[in-house]
Every structure is written in C-alpha cells, then in structure tokens.
C-alpha cells in the first residue's frame, strides 16, 4: 500500500506540476499581451502629448492675436472718434461758409437789381 500511496502522491505532484506549468504559460502570454498594450498606450500617450503641446502653442498664438486685435480695435475706436470730431468741425465750418456765401450773394443782388 505504501507503493500505491507513493504512486498516487507522485501522480498528484505531476498533475499539479502540469497545471502549474500551464498557468505559468498562460500568465506569460497575458504578460506579453499586457506589454504590447502598454507599449501601444505609451505611443498613444506620446502622440497625445505632442498634440497637446501643439494645441498649447496654437492657443498661445491665438491669445497673442486676440491681445493685438484688442489693442488695434482700441486704436481704431479712438481714430473713429477723432474722425467724427474732425467731421463735425468741418461741417460746422462749411455751414458758416455757406451762410457767409448766401449773405454775400444776397448783398450782391441787393446792390445790383435785376435788369428787365
């Protein structure tokens, strides 16, 4: 009976060893698959990082352009106000000139009555 127990124990050990080897093989395959996924994720992360850096650069340029446009708009607004003021002065002077010219024409007509 000792031989038979020993034989059963050896068979059990061999079976367990085979199961353990199969599990180790499966774990090795899983680790290799995870390694491939990790490498792929690292490449994706690198691409995303590069895209993010480009996006930040573009956003900085956009911010600079917005600041430039805001300053230019402020300058343009000031110039429009100055132009409106100059236009008002020109219109006032033109009205004075027209008034003086009308008075002048009226005076000439008063001194030179029409000939009929």
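The values are calculated or read from the model by the stated rules, or taken from the named source; none is laboratory data. Bear in mind the structure is a predicted one, so any value in this text is a computation, not a measurement. Cβ sites come from the backbone with ideal geometry, for glycine too, and all protein chains shown count toward neighbours.
Condition check: assigned to a helix (DSSP H, G or I) and either modelled with pLDDT under 95 or surrounded by 10 or more Cβ atoms within 10 Å (Cβ to Cβ) (or both). Does residue 96 satisfy that?
yes
If only one of 68, 111 is out of contact with any strand residue (DSSP E or B) (no Cβ under 6 Å at 6 or more places or on another chain) and exposed (fewer than 10 other Cβ atoms within 10 Å of the Cβ), which one is it?
Of 68, 111, the one residue that is out of contact with any strand residue (DSSP E or B) (no Cβ under 6 Å at 6 or more places or on another chain) and exposed (fewer than 10 other Cβ atoms within 10 Å of the Cβ) is 111.
Residue-by-condition table, conditions (1) assigned to a helix (DSSP H, G or I); (2) at pLDDT below 95; (3) more than 59 Å from the chain's Cα centre (by Cα):
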{"position": "5", "(1), (2), (3)": "yes, yes, yes"}
{"position": "9", "(1), (2), (3)": "yes, yes, yes"}
{"position": "16", "(1), (2), (3)": "yes, no, yes"}
{"position": "20", "(1), (2), (3)": "yes, no, no"}
{"position": "24", "(1), (2), (3)": "yes, no, no"}
{"position": "29", "(1), (2), (3)": "yes, no, no"}
{"position": "33", "(1), (2), (3)": "yes, no, no"}
{"position": "36", "(1), (2), (3)": "yes, no, no"}
{"position": "39", "(1), (2), (3)": "yes, no, no"}
